[in-house]
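The values are calculated or read from the model by the stated rules, or taken from the named source; none is laboratory data. As the structure is a computational prediction, the values presented were derived from the model and not from experiment. A quick note on method: Cβ atoms are made from the backbone with ideal geometry, for glycine too, and the neighbour counts reach across all protein chains shown. Just the protein is used for accessible areas: all its heavy atoms, side chains included, with ligands, DNA and RNA removed. Shrake-Rupley method; radii C 1.70, N 1.55, O 1.52, S 1.80 Å.
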Amino acid sequence: MATITTEEVKHVAALARLEFNEEDIQQFAHQLARIIDYIGKLNELDTADVPPTSHVLPIRNIVKADAAKPTNRRDDFLEGAPSAQEGYFEVPKVIE
């Protein structure tokens, strides 16, 4: 089993600006040692035939084809306006 000292736990806690009592520090030292042991077991696996990946699922970009479409013309919008003047919507004056 890997050994993590209480001094190492205190150092990491200080870097993270965390404060723990001695009981918690002992518990974290034990838990971190178990985590490091597990990582050691993972390093024993043969991964020679496993391709490197950045994500466990295949990621692909799904986009629609880019096609030019006719745009709406200003006149089409102004047809529904109650009042238009010189190609713009005419609205009541709000500033004196």
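What a 1.4 Å probe finds exposed on the chain is 56% carbon and sulfur by accessible area, rounded to a whole percent. Among [x] 68, 29, 8; [y] 23, 17, 9; [z] 20, 17, 14, which one is semi-axes √(5λ) of the Cα gyration tensor in Å computed from these coordinates? Read-out from the structure maps to [x]. Largest GNM mean-square fluctuation among 74, 17, 60, using the chain with Cα springs under 10 Å: 74.
Please compute the net charge surrounding residue 88, taking Lys and Arg as +1 and Asp and Glu as -1 over other residues with Cβ under 15 Å from its Cβ. Its environment carries a net charge of -2. Summing Lys and Arg as +1 and Asp and Glu as -1 over all other residues whose Cβ lies under 13 Å from the Cβ of residue 22 gives a net charge of -3. Relative to the longest principal axis of the Cα atoms of the chain, helix 22-43 runs at roughly 80 degrees. Over the stretch 1-56, accessible surface divided per residue gives 90 Å², non-protein components excluded, 1.4 Å probe. Under 5 Å between amide hydrogens, built in the peptide plane, is the criterion, and for residue 84 it picks out 90 among residues at least 5 positions away or on other chains. Result for the chain in a Gaussian network model with C-alpha springs under 10 Å: among 77, 28, 20, the largest mean-square fluctuation is at 77. Assuming charge only on the beta carbon of Lys and Arg (+1) and of Asp and Glu (-1), the dipole of the chain about its Cα centre is about 380 debye to the nearest 20.
Charges on Cβ only, +1 for Lys and Arg, -1 for Asp and Glu, centred on the Cα centroid of the chain; of 28, 48, 62, which one is farthest towards the dipole's positive end? Toward the positive end, the furthest listed residue is 62.
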